[in-house]
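Before any comments, here is the structure.
Values in this text are rule-based calculations from the coordinates and carry no lab data. Keep in mind it's a predicted model, so treat the numbers as computed, not measured. Here the Cβ positions follow ideal geometry from the backbone for every residue, glycine too, while neighbour counts run over all protein chains shown.
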Amino acid sequence: MVHRSSDTWKVNGLGLCVHRFRDEGARPTGLTLLLLHGFLDAGSTWDLVAEPLARAGHDVVAPDLRGFGRSARVGPASYYYFPDYIADVAALVDALAPARLGVVGHSMGGAVAVYYAGACPDRVERLALLEGMGPPANAPELAVTRMETWLRETRGIDRAPRRLSSMQDAIARLVAHHPRVPREVLATRAPLLTREEPDGGLAWAYDPLHRTTSPLTFQVEAFNAFLERIACPTLVVSGGPHGWHPPDEAERTARLRRAEHVELPEAGHMMHWSAASELAARLAEFFGRGDVGASAGAAERVLGSGNPGR
């Protein structure tokens, strides 16, 4: 039986809520899996994937990134930047001190995973990117527009939690935004993505500051440099034609040295909700192959179509 715990870890001056999944009855693999969630999501919603991975014998850790879920928010005059997320991941890994580490990143969490694995290539044994190949590239001339928009949006921003009238209201909003995910699944996600306020009301758990436009442009050339630095076997998972794909996704993926591919054709972007069982099985197979040194040949196997890795 999978035991789930949630504790607050002090990381870079902020309290991060870290969800941990373990099955004491499973034979331990010795591998710690760090699951990084996407934008406006939370570590707790990995449960549908994390529990099968725990039953496979992995120690599964899923933090709420700063400003999301139950984790602390940044203070006044602060903001959320990718280097902050990466520094938090690095500090958390140092605190966990796993002998062996695998990383799974979904969407925004995939970009965080790329930056971390590229900066610390010797630390990550295996990496899985679930539609996590970064946002669309920004033209340089957009830099001024983004800065202007950021200044306008953050000037006197109300950071009070975004209120909901009821849990049914939260579910209805999730249904509207995620039409490919069954309503009964979203009904189990809503309590994980909301929080009860002191006055008894209900609100989304994320910091409203996340909804503002970042003043920084996405530099795809720099992102590609991180991709090229990743040394470990990397599983790239697509949610199919209804998923989310940057226009130059193939070119980015080709930067990975040891990429293999899986497509879940009906899953869509929120695959950890819509196709959790199939995704967990794919991840369990990938992370269950053993360490890199003992399984160099197996790392080159392709689960899906084509392997543009080089």
With springs only between Cα atoms under 10 Å, which of C17, C232, C120 fluctuates most in a Gaussian network model of the chain?
C120
Sort L142, L174, L209 by Cβ crowding within 10 Å, fewest neighbours at the top.
L142, L209, L174
On a full-extension model of 0.36 nm per residue, what is the gain between E184 and Y79, subtracting their alpha-carbon distance, rounded to one decimal in nm?
34.3 nm
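Just need the relative contact order of the range 61-160 here, percent rounded to a whole number, with Cα pairs under 8 Å and 6+ apart. Please list the in-between numbers first.
On the way: 77 pairs, mean separation 19.8, N = 100.
Computed over the range 61-160, the figure is 20 percent.
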Let me spell out the model: positive unit charges on the Cβ of Lys and Arg, negative unit charges on the Cβ of Asp and Glu, origin at the Cα centre of the range 55-185. What dipole size does that give, in debye rounded to 20?
420
Using helices alone, I'd like the mean residue ellipticity at 222 nm for the chain: each DSSP H run of four-plus residues gives -39500 (n - 2.57), total over residue count, nearest 500.
-9500 deg cm²/dmol
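When only C-alpha pairs under 8 Å and at least 6 residues apart count, what is the relative contact order of the range 125-284, in percent? Could you put the intermediate results ahead of the total?
Working: 221 pairs, mean separation 50.8, N = 160.
Value for the range 125-284: 32 percent.
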The extension gain from R289 to L40, computed as 0.36 nm times the residue separation minus the Cα-Cα distance, is 86.4 nm
Distance from the Cα centre of the range 93-109 to that of the range 129-171, in angstrom?
25
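Within the range 10-95, list the trypsin sites (Lys or Arg not before Pro) lying in a DSSP loop whose Cβ has at most 12 other Cβ atoms in a 10 Å radius. Numbers along the way, then the final one.
Details: sites: K10, R20, R22, R55, R66, R70, R73; in loops: R66, R70, R73.
Filter output for the range 10-95: empty list.
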Surrounding charge for W9, neighbours by C-beta under 13 angstrom, Lys/Arg +1, Asp/Glu -1, total 0
Can you classify the range 70-156 as rounded, prolate or oblate using the Cα gyration tensor, where a ≥ b ≥ c are the square roots of its eigenvalues, rounded means a/c under 1.5, and otherwise it's prolate if a/b beats b/c and oblate if not?
oblate
Around R282: net Lys/Arg minus Asp/Glu count, Cβ-Cβ under 11 Å
-4
Can you compute the FRET efficiency between E249 and R123 using 1/(1 + (r/R0)^6), with r the Cβ-Cβ distance and R0 = 30 Å? Round to the nearest 0.05.
0.75
Below 8 Å, C-alpha to C-alpha, sequence gap of six or more: please give me the relative contact order for the chain in percent.
18
Compactness of the chain as Cα Rg over 2.2 N^0.38 Å, two decimals
0.97
